[in-house]
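Data block below; observations after.
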Amino acid sequence: MSETLPATGLLAASWLLIALPLAGAAVLLLGGRRTDRWGHLLGTGTVVAAFVLGLACTVQLAGVDGRSVDVDLFTFIQTGSLDVGAGLLFDPLSAVFVLLITGVGALIHVYSIGYMAHDPARRRFFAYLDLFVAAMLLLVLGNSYVALYVGWEGVGLASYLLIAFWYTRPAAATAAKKAFVMNRVGDVGLALAVFVMFAQLGTTSYAGVLGNVGLLAGGTVTALGLLLLLGACGKSGQFPLQAWLPDAMEGPTPVSALIHAATMVTAGVYLIARSAPIFDASPSARTVVLVVGAITLMIGAIAGCAQDDIKKVLAYSTVSQIGYMFLAVGLGPVGYVAGLAHLLTHGFFKAGLFLGAGSVMHGMGDQTDMRRYGGLAGKMKTTFVTFGLGYLALIGFPLLSGYWTKDAIIEAAFDRGGVSGWLLGGVAVLGAGLTAFYMTRLMLLTFFGRPRWDDGVHPHESPGVMTVPMVVLAVGSVAAGFLLVEVFPLADWLAPVFGEPAEAAAHAIPPLLVSVLVSLVVLLGAVVAWLFVGRREVPVTAPARVSPVVRAARHAIYADAVNESLLMRPGMWLTRALVFVDNRGVDGVVNGTAAALGGSSSRLGRAQTGFVRSYALGMLGGAVLVAGALVAVTAG
Amino acid sequence: MTIANYLVLAAVLFTIGAVGVLVRRNAIVVFMCVELMLNSVNLTLVTFARSTGTLDGQLIAFFVMVVAAAEVVVGLAIIMSIYRTRRSASVDDANLLKY
């Protein structure tokens, strides 16, 4: 890592990046109905302003020596030896994230103006969306793990609120709770990692932690890496915490595009890339990252092949693509830049695909079942073209975005060498083929073939306020990969963070051969998809009699069933046992004592008969006893 | 006359009083039995005072008499008031103060 300078000029005002959307959210939430008429404009305006500011800051950063500045804001927590300052770190890594978040965020805000136009709660939607942008910017800009954690929880909250935006629908409310609970599992990992940092190093700032990794014992570093990975898995929907992400599609489509495709779910990749020195110091933690990435990319790709809900296909695709990014960052220094480049291009084309899916749903009366689409290419030309470009970018069509960034990851996997290199490379290539299969299936089902629309559905193109962002993102999907790899190499830009890009040494397989191989596999996947759904008539209801493989894929490799039987049921048994012990054991002792005292006192009370003579007998008896005792004592 | 005779008499009186308190229902009789017990104690006190040649016992006997007189005044007043309200002087009828 290079020297960090104090911020000057515009960079000193980079806290405004967070403050602007936060202020927008506050105004919209506190202002109530009075802001209904212009709320969406304010929400969009703050994010656009943040984007402009972020762009200006990035330009200024390019001229700073070492390209890393620190903005000290105020003392956040100061107690005993714990001293956490609130500050921002503006370096090349945060800069690319700031541009992605505010850029894609601004486009999706614009799109949402049209998409949510008929929703009575549009103002609330924009307030939450602004809240999300603010929290996400804090996550990537914070200069310590504590600041990251605050942003981390903030995006979790915004995600929960937005998944459950239509909270009257039970499915949405349940999906939001599922997302929240599964995220919590990951967040515990992150929180423990922060505690370990403080306990071992006495600081949580990036500079203090990452610069002193060498002081830690090997086991501690591995534990730290695994805890951070647990946090990353929760937020990014990675194995074994991937099951919440597809369900999160219950939220409005712009939310799926912004939070559950382009930005928030990539926070895990950011966390691992930011903590690169920790993972560099612990090969075992890094191997676990690799395995998690490889497993997830296969699970996502397989599950995506059998879904009929257009958003679910895209969601599993997101899970799978983030698996690629984890695989890349798990490869170490050779993979960080490849993973982040794929993250950026994925942000473009996946957001574009989701917006396209939203446009299709908008035109089809909120129908999400692809079996009831068909033949939309002629009806929705702009959507078709932009979606098609996103599709080509995702499957890695030569010279489009995915080609540049995904092939780089596959190459890096093969370059690892040895059995593991071949295994990981093979998995990545297979995943690319499956990606081509499910995306081609989606394209064919949606835009081609015979119309299988429900009665009374009249597909129409969406208004300009929705199509313009789609066009911009489609342009990004086409060009981003080329720009990031060839014109403005991301590797050079990120050099202050990850070090100078290593000179390409001996490749296990020549890059050209990898490209040809991947392209062939992708073509094969697309052709197989055409054989399955393009050539044949598609039934409107999904066939019930299917092979076990398809059934497993439909149920996402039974992830929910596994979670339920391994975690949910035992947890429930444990709770029931605890409740039983509490009711019968703890409460039993307390209630039993009270009941015994109450019962015996009411029985003793019977002795108070009200007859004076029986009291007198008692007194006499007592007196005789006392006298007898006295006599016994004196005599004895 | 030995001291034992006095003491036996006192014990007999005390026993008669105690049994009377326990078995009789009429409040006046109970009351008189209480007085009997008090006076048997007085007899004991005076007996021992005489036998030891000190005045302590006699002094206490006076105290007992004074207290007994005061007690008689209060007790008779209570019995009067109970009789007026309940038309009965039986101690078993006045049993409201119970569990």
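Calculated mean residue ellipticity, 222 nm, chain A: -22500 deg cm²/dmol, from DSSP H runs (n ≥ 4) at -39500 (n - 2.57) each, averaged per residue and rounded to 500. Among A:Trp38, A:Trp453, the ranking by other beta carbons within 10 Å of each residue's beta carbon, starting with the fewest, stands as A:Trp38, A:Trp453.
Calculated FRET efficiency, A:Leu430 to A:Leu82, Cβ-Cβ distance, R0 = 51 Å: about 0.60 to the nearest 0.05. Ranked by the mean number of other Cβ atoms within 10 Å of their residues, highest first, the peptides A:522-528, A:214-220 fall in the order A:522-528, A:214-220.
Take each residue in A:612-622, count the other chain C-beta atoms within 10 Å of its C-beta, and the mean is 3.
As a rough footprinting exposure proxy, the listed residues A:Thr266, A:Thr467, B:Thr85 were ranked by other beta carbons within 10 Å of their own, and the order from fewest upward is B:Thr85, A:Thr467, A:Thr266.
Ranked by the mean number of other Cβ atoms within 10 Å of their residues, highest first, the peptides A:136-143, B:69-76 fall in the order A:136-143, B:69-76. Residues whose amide H falls under 5 Å from that of A:Leu73, counting only those 5 or more places apart or on a different chain, are A:Ala86, A:Gly87, A:Leu88, with hydrogens built in the peptide plane. In chain A, the sites counted are GluC sites (Glu not before Pro) in DSSP loop states with at most 13 other Cβ atoms within 10 Å, and the longest stretch holding none of them, exclusive of the sites, is A:4-502. For chain A, the equivalent ellipsoid derived from the Cα gyration tensor has semi-axes of 54, 32, 27 Å, listed largest first.
Full extension of the chain segment joining A:Val589 with A:Lys381 gains 67.5 nm, where the gain is 0.36 nm per residue of separation less the Cα-Cα distance. Our estimate of slack between A:Ile509 and A:Thr287, defined as 0.36 nm per intervening residue step minus the Cα-Cα distance, is 77.7 nm. Quick one: compute the contact order of chain A, relative version, from alpha carbon pairs under 8 angstrom and 6+ residues apart, as a percent. Relative contact order here is 12 percent.
Taking 45 Å as R0, compute the FRET efficiency from the Cβ-Cβ separation of B:Leu22 and B:Thr54 and round it to 0.05. Intermediate results must be reported in sequence, preceding the final value.
Working: r = 34 Å, r/R0 = 0.76.
Efficiency, rounded to the nearest 0.05: 0.85.
Counting only alpha carbon atoms, the long axis of helix A:333-363 and the longest principal axis of chain A meet at about 90°.
In this rough spin-label picture, where each label sits 7 Å from Cα along the Cβ direction, the A:Ser547-B:Ala77 distance is 11.0 nm. Calculated over chain B, the projected area of the Cα convex hull averaged across directions stands at 7.5 nm². Sites counted here are trypsin sites (Lys or Arg not before Pro) in a DSSP loop (not H, G, I, E or B) having no more than 14 other Cβ atoms within 10 Å; the longest part of chain A that contains none of them is A:38-534. Rounded to the nearest 0.05, what FRET efficiency is calculated for A:Val579 and A:Ser602 with R0 set to 35 Å and r the Cβ-Cβ distance? Calculated value: 0.65. Between 0 and 90 degrees, the angle of helix A:612-635 with respect to the longest Cα principal axis of chain A falls at about 80 degrees.
Ordering A:His342, A:His118 from the fewest to the most neighbouring beta carbons within 10 Å gives A:His118, A:His342. For A:Gly375, the shell of other residues with beta-carbons less than 11 Å away shows a net charge of +3, using +1 for Lys and Arg and -1 for Asp and Glu.
Holding the Cα-Cα limit at 19 Å, pick out from A:Lys381/A:Lys406; A:Lys350/A:Lys406; A:Lys312/A:Lys379; A:Lys178/A:Lys235; A:Lys177/A:Lys235 the pairs that are longer than that.
A:Lys381/A:Lys406; A:Lys312/A:Lys379
Relative to the dominant Cα principal axis of chain A, helix A:587-605 is inclined by about 20°.
Every read-out reported here was derived from the displayed coordinates using simple, explicitly stated rules and does not represent laboratory data. In this text the structure is predicted, and so the values were computed from the model without any measurement. Heads up, the Cβs are rebuilt from the backbone with ideal geometry, glycines too, and the neighbour counts pull from every protein chain shown.
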